[in-house]
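The values are calculated or read from the model by the stated rules, or taken from the named source; none is laboratory data. Since the model is a prediction, treat every value here as computed from it, not as a measurement. Quick reminder, even Gly has a Cβ in these numbers, built from the backbone with ideal geometry, and neighbours come from all protein chains shown. For accessibility, only protein heavy atoms count, side chains too; no ligands or nucleic acids. Shrake-Rupley method; radii C 1.70, N 1.55, O 1.52, S 1.80 Å.
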Amino acid sequence: MSDYLNLNRFIFNDECPDFTAEEVLSGLGLPTEVIEKGDYRREFDAIKKEARELIRLTAGAVYFKMPDNSVPPVPSGPGVVGVILTLGTAVTGRSDEFLAQGEYRKSMILSEISDFCLITYEKMIRERLIVLSKRKGMGLLRMYEGQDIPVSELQYVWNALMADKNLGVYITRESTLYPVKTSCFIMKIQDDADL
């Protein structure tokens with residue numbers, strides 16, 4: 001099983017995507033006049049470069065059969081590609097520092113930059129998986145993420161990716177992913193023969 005996973009596991013390291021003040025600040029949900037009068041744009045300009053240096057985009061994707069409920073798990077279930085992607089620990093640590101220093105706007109903006117980058121990175125990885133899956137003779141079907149993924153499946157993807165070693169991502173006692181700015185999704189796959 002591990003040879004199979006090793007041949008079907010892919011690790012990506014990418015540059016921080018570009019983002020503009022408009023893209024980030026609009027995500028705060030504040031009226032335009034509040035953003036302009038509240039110096040949010042100036043705060044954004046002050047931390048944009050630092051944010052780009054702190055964000056470390058890393059993702060792992062693994063193609064496998066989701067195990068059934070047998071013990072130990074047997075790869076007899078549906079074919080899927082499981083993905084975990086993260087921005088690393090540095091950006092969350094810096095956001096927490098801003099909070100501790102009472103710089104709430106900077107913390108809020110840095111968190112919004114992180115969220116924007118995580119969503120953008122997820123789109124980049126999905127596009128990459130379309131190409132990769134096509135090369136493997138597979139089509140991508142429905143995507144599951146967040147609350148749609150049972151903890152057991154999240155842990156299986158995490159183990160299959162060896163995410164602690166390959167991505168620096170851990171599962172907490174509360175069964176959440178750490179670092180905070182990390183996400184997971186699973187896509188069902190279909191062989192071309194089945195299409």
Notebook entry, point to check: Given LYS48/LYS134; LYS106/LYS188; LYS48/LYS165, which pairs have Cα atoms separated by over 32 Å?
Noted result: LYS48/LYS134; LYS106/LYS188
Check: For region 167-179, what does the Karplus curve 6.51 cos²θ - 1.76 cosθ + 1.60, with θ = phi - 60°, yield as ³J(HN,Hα) per residue in whole Hz, taken in order and with x for Gly and Pro?
Finding: 10, x, 10, 10, 9, 7, 4, 7, 6, 10, 7, 10, x
Next item on the list: Could I have the simple spin-label model distance between VAL34 and TYR104, label points 7 Å from Cα toward Cβ, reported in nm to one decimal?
Entry: 1.1
Notebook entry, point to check: Tilt of helix 40-54 relative to the longest C-alpha principal axis of the chain, in degrees (0 to 90, nearest 10)?
Noted result: 40
Item checked: Accessible surface of GLU112 - all protein chains present, 1.4 Å probe, nearest 10 Å² -> 40
Checklist line | Hydrodynamic radius of region 128-195 per Kirkwood, over alpha carbon pairs, in Å | finding: 13.3
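Relative contact order for region 75-132 using alpha-carbon pairs under 8 Å, separation at least 6, rounded to a whole percent?
Worked out over region 75-132, it gives 32 percent.
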Notebook entry, point to check: Ordered by packing density, taken as the mean number of other Cβ atoms within 10 Å over each peptide's residues, highest first, how do 87-96, 38-47, 56-65 rank?
Noted result: 56-65, 87-96, 38-47
Next item on the list: Roll a 1.4 Å probe over the protein heavy atoms and report the accessible area of ILE130 in Å², nearest 10.
Entry: 100
Note to self: How much of the pair distance distribution for region 55-167 lies past 23 Å, counting alpha-carbon pairs only, in percent?
What the structure shows: 41
Notebook entry, point to check: Carbon and sulfur atoms: what percent of the 1.4 Å accessible area of region 75-123 do they account for?
Noted result: 56
Notebook entry, point to check: So what's the chain giving for Cα Rg divided by 2.2 N^0.38 Å, two decimals?
Noted result: 1.15
Item checked: Length added when fully stretched, ASN13-MET124, from 0.36 nm per residue minus Cα-Cα -> 38.8 nm
